[in-house]
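Okay, so here's the structure we're looking at.
We did not get these values from a lab; they are worked out from the coordinates using the rules stated. A quick note: this is a predicted structure, and the numbers were derived from the prediction, not measured. As a convention, Cβ positions derive from the backbone with ideal geometry for all residues, glycine included, and neighbour counts pool all protein chains shown.
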Amino acid sequence: MGFFEKIIQGLARTRQNLAVEVLAAFGKGRLDDETLESLEEKLLAADIGYETSHLLLEGVRKRALGREISPEQLLTFMAEEAKSLLPEEKGSALPDFKPCVFLILGVNGAGKTTSIGKLARYYAAQGKKVMLAACDTFRAGAVSQLEVWAVRAGAELVKHGEGVDAASVAFDAYSAAKARGCDILIIDTAGRLHTKENLMEELRKIVRVLRKHDSSLPHESFLVLDGNTGQNALPQFRGFDSAVTLTGLIITKLDGTAKGGSVLSLAREFKAPICWVGVGEGIDDLIPFDREAFSRGLFGI
């Protein structure tokens, strides 16, 4: 199944909630101010956010106000305006470092460890040698969970005992990845609330210790966000970004939410690009973000 087909499938609940409501609000062939106001209400109900909804519909207004248009044209215009609000894709190509180091962050339950396993699978399937670092040393079962994913993905694993300092695991994992000629090292971290300053300090320590190896580490710092979180993800982003400068986002569980439209607002608000989206439970269902396919899938084009 290609990216567009997976996005269409993954955004099914959002599309049913959004595209159907948009068409119900349109109801006639001429686009007027009253209809635009109704459309804005539908976008807000889909958790897209006020500013983003306004910008999207302002673009539609300039293109079609007072014109006779078909429902399909309206959805096409909205999809094209949505695409214009999304940043350029970062792509899945690895930075020119070996090993390339990914630091994966997020709150409890966002799908962080699962995303790490799927990332490992994606790169291993391309022939890359992947290593995982089990730096969530406090949650019971976290290391064994990551070990299962390492086996499924065909990746190596560096682990220490429970309660060991996470920064020391990261330091040793980089040494091992370099010695074994790995192409990529993906570092798991314990889930934490962005409001807990002591836990944010632990992330800063991991970065400081990694930089004893190389001042450029980590090469990527990805925040994993649950797609169901919607607009409430904004404080999460700011909290983690203040501790570790984020370079990208992984949005999970888009297949189980009607809030997929919130991705538009998140992408516009955040400086870091959306890099990956989770659209299912399968090991191959974490896919590189494509803004055109996402925008078209959001409005059913």
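Per residue of the chain, the DSSP helices (runs of n ≥ 4 H) give a summed -39500 (n - 2.57) that works out to -15000 deg cm²/dmol at 222 nm.
Backbone amide hydrogens, once placed in the peptide plane, bring residue 189 within less than 5 Å of 104, excluding anything fewer than 5 places away on its chain.
Note on 182, 135: ascending count of other Cβ atoms within 10 Å places them as 182, 135, the fewest first. With springs connecting C-alpha atoms under 10 Å apart, model the chain as a Gaussian network and identify which of 248, 191, 161 has the largest mean-square fluctuation. Between 248, 191, 161, it is 161 that shows the largest mean-square fluctuation.
This model, with +1 at the C-beta of Lys and Arg and -1 at the C-beta of Asp and Glu, gives the chain a dipole about its Cα centre of some 740 debye.
What does the net charge come to around residue 291 if you take all other residues with beta carbon closer than 9 Å to its beta carbon, with K and R at +1 and D and E at -1? Here the charged neighbours net out to -3. For residue 152, neighbours were defined as the other residues whose beta-carbon sits under 15 Å from its Cβ, and their charges (Lys and Arg +1, Asp and Glu -1) total -4. Among 33, 285, a tally of other beta-carbon atoms within 10 Å of each Cβ gives an order, fewest to most, of 33, 285. Shown here are the Rg and Dmax of the Cα trace of the chain, at 20.7, 67 Å. Each principal axis of the Cα atoms in segment 167-301 has its own extent, and those three values, largest first, are 49, 34, 23 angstrom. Within the chain, helices built from complete DSSP H runs that reach 15 Å or longer along their own axis (Cα positions) and carry a mean Kyte-Doolittle hydropathy of 0.0 or higher are 12-26, 142-153, 166-179.
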